[in-house]
Amino acid sequence: MIPKLFKGMNNILQNGIFDLHTQATFQALVHAIIPNTLWITTSGVIEGIERLDLKVYEYIIWTLDYSLAIPIKRQLNLINTSMSKSTAQLLDAAASQLIWSGQVKSPLNGWAFLGGGSFAALLRDDRLRVIAFLDQLKINLGSLPIPYQNNPGLIRNMMDVLSQLTMFGYYSEWNAYGTTRLLPPDYRQIEYFPVGWIQSGYPGPAFGYRDLRGFLVDFPHKEGNS
């Protein structure tokens, strides 16, 4: 059991979830897609939810790095890097093209997400425009990092995936795993009721209940004479 746990942790360290640039890039992504929201606690108190406190960016990084099978990673030339790092580089490359073209509408802020690159330095509206530009393929495809280089289908797919994963991470139990969220799935435990479940009115999973579903009828087997 212990070797399996440490093996899982070693895999985490080799991927992008503890890479400062990758973290900052996906923090900026989540900050652009999900607004800060208010919710009412069980005691009736209104509290603010800071989107980055829910660690949704970690959910996206984790999913990108662990959802691909080894043969797919080989096909995409991702054996020596991770999908999250490559995607962070993709967002930076598109943001740089937007900046160089003079189409940025707001001043850059390099201190908003420390460790980030061009994408993280953009203000929220410009970050959303970068995502739209990538989805519309208004970029130089040949200058993008592997596996996105000259791969328009993968780029457009990833823009959909990033939006979906952001929503999944926010409304899932990810943040409620607390101190266990970065452990292998078998070792995670829900430490409190997830904020997304409270906001959406989801009561939590039902694991089935004992109930009468009729009576067992035993039909005798009739075999024909040979």
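Some points to look at:
- Each residue of segment 118-123 was assigned a 3J(HN,Hα) from its phi angle through the Karplus expression (A = 6.51, B = -1.76, C = 1.60, θ = phi - 60°), giving 4, 5, 5, 7, 6, 6 Hz with x at Gly and Pro.
- Annotation: peptides 99-112, 81-94, ranked by per-residue average of other Cβ atoms within 10 Å with the highest first, follow the order 81-94, 99-112.
- Using 0.36 nm per residue and subtracting the Cα-Cα separation, the extra length available between Phe18 and Thr180 on full extension is 56.8 nm.
- Computed from phi, the 3J(HN,Hα) profile of segment 152-162 under the Karplus parametrisation 6.51, -1.76, 1.60 (θ = phi - 60°) reads x, x, 5, 4, 5, 4, 5, 5, 5, 4, 4 Hz, with x in place of Gly and Pro.
- Fraction of accessible area attributable to carbon and sulfur, segment 82-191 (%, probe 1.4 Å): 52
- Amide proton proximity set for Leu144, modelled H, under 5 Å, gap of 5+: Asn150
- On a per residue basis, segment 53-188 carries 48 Å² of accessible surface, using protein heavy atoms and a 1.4 Å probe.
- Simple Cβ-charge dipole of segment 48-103, Lys/Arg +1 and Asp/Glu -1, about Cα centre, in debye nearest 20: 240
- Here the 3J(HN,Hα) profile of segment 67-74, calculated from phi with Karplus coefficients 6.51, -1.76 and 1.60 at θ = phi - 60°, is 9, 9, 6, 4, x, 5, 4, 5 Hz, Gly and Pro shown as x.
- Added length on full extension, which subtracts the Cα-Cα distance from 0.36 nm per residue, Ile79 to Ser101: 4.6 nm
The values are calculated or read from the model by the stated rules, or taken from the named source; none is laboratory data. Just so we're clear, the structure is a prediction, and the values are computed from it rather than from any experiment. Please note: Cβ atoms are built from the backbone with ideal geometry, for glycine as well, and neighbour counts cover all protein chains shown. Surface accessibility is based on the protein's heavy atoms, side chains included, excluding ligands, DNA and RNA. Shrake-Rupley method; radii C 1.70, N 1.55, O 1.52, S 1.80 Å.
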